[in-house]
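See below for the structure under consideration.
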Amino acid sequence: MSVYFILLLALVVGLALGYYAGRRSLDDLRNEHERHLAELRRSAEVQAAEQRKENERRLELMAERLKNESERQMRERGTQLREENVRQLDEILGPLRNGIQEMRHAVQQADSRHLDSMSRLDESIKVTLAQARLVGERADKLAAALTGENKTQGNFGELRLRTLLEDMGLERGVQFDEQWMVKDENGQVVTDDETGRRLIPDVVLHFPDKRDVVIDSKVSLTAYKDYYEAKTDEQRKLALDRHVKSLQQHVKQLSAKNYAGHLSADRSRLDFVVMYVFSDSALSLALTAAPGLWKEAYDKGVFITSSQNLYALLRMLELSWKQQLQVQNQQKIVDQAALIVSRVQLFYERFLNVETTLSKTQAAFDSLRRMLLPGGQSIISAANKLVKLGAREDPRRRQPLPKDENAEEEDDSAPELASDDTSAAAFLQNVTSLDS
């Protein structure tokens, strides 16, 4: 029985081993088949990707070729259109080209002159600014020496104002007047209601649009000097208060004089008077201590300014006059252009008259010439007939009579002059003896 059991066990083991070997062989085949399928799938994917890339490359190449061809055709068409447009424009604008070039040349010359003028103006502004700063520095240095009498300070302020006007190149009597006596509409001198003194502002600026601006130089440097010489804060505070009150008093005096209300009625005027303080540092100190001082003065019709701000006002005045002069010159150019056009029209009218006269003269000349031509009522034919009848030509004349062949043919049958016809011969002799 153990033998059978061993055989049975061996058979079972063999079957198990066979089944296991067969199962393993199937698994290997399945795995091999799957690997082969995977490789085929990968190969197909690679080929598909390469095919897609190739298709994309061909599409891109075709698109590029189409684009290049389209661009080429567009360029050619654009070139043709440009050439055609240029040709048409040349035909249309050709007669105007010379005029436009001349106009451009004239504009370029005008621009060149304008740039040159602006360059000189800019240089002049720089020089004037430098001069203004220099004068301002000198004025500050002189301020300490001018803290004596108020009259001396006032004279120096007027001198400084006059210097600014002269440096700007303004013309007295045209663009400004000094010590201009204010008069009413009746020509009477206007006086101050409080002091009874005549109203004589330091300077009156005249703008080209008939506007006048009054400038009065006002300054008191006594308190300003005391401020810088003070040794204590209290002394400086008191001096500064006196300095501010001094400027406020000047503003009040200028406002009370009402210069603007007494200027000539035929000229427009601004509603404020310029109070010129020649010391920039003195004005700056007062405005630092009393920032509302300028607003308070402006509300009273007084505009406080220093040398730099006054320079800007004077520069505006100068530019206004220059612009006025340019406008006048432009008007003169327009008038001259109109005069030239009128003269061209007159020349054309006279040219037509001369042409008409020449045509009439030519017609009269042709009529006279026809009288010289053979045939008809020509005087040449008549003269030739007389010569043929026996009249003699004047040998002193340079030009002989032209022969009239038609008249000769017509006169072949005419009877010749008889030699014994004494009366006809005598008549012809008298005709030929006349001195033409």
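Derivation of every value follows stated rules applied to the coordinates shown; laboratory data play no part. This structure is a prediction, so every number in the text was calculated from the model and none was measured. Using ideal geometry, Cβ is built from the backbone for each residue, glycine included, and neighbour counts are taken over all protein chains shown.
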Worksheet item: Using a Förster distance of 35 Å, how high is the FRET efficiency between Leu358 and Ala383, based on the Cβ-Cβ distance and rounded to 0.05?
Response: 0.70
Discussion item. Using the basic label-point model (7 angstrom from Cα toward the beta carbon), what is the Leu81 to Ala289 distance in nanometres?
Written reply: 7.8 nm
Discussion item. Over 31 Å between Cα atoms: which of Lys210/Lys295; Lys126/Lys218; Lys231/Lys257; Lys231/Lys300 fall into that group?
Written reply: Lys231/Lys257; Lys231/Lys300
Worksheet, complete the sentence: Note, the stretch 44-55: 3J(HN,Hα) by Karplus (6.51, -1.76, 1.60, θ = phi - 60°), whole Hz, Gly/Pro = x, goes 5, 5, 4, 5, 5, 5, 5, 5, 4, 4, 5, 5
Item to complete: Work out from phi, with θ = phi - 60° and the Karplus expression 6.51 cos²θ - 1.76 cosθ + 1.60, the ³J(HN,Hα) of each residue of the stretch 334-342, listed in order in whole Hz, and give x for Gly and Pro.
Response: 4, 5, 5, 4, 5, 5, 5, 4, 4
Worksheet, complete the sentence: By the Cα gyration tensor axes a ≥ b ≥ c (a/c under 1.5 gives rounded; else a/b larger than b/c gives prolate, otherwise oblate), the shape of the stretch 289-349 is prolate
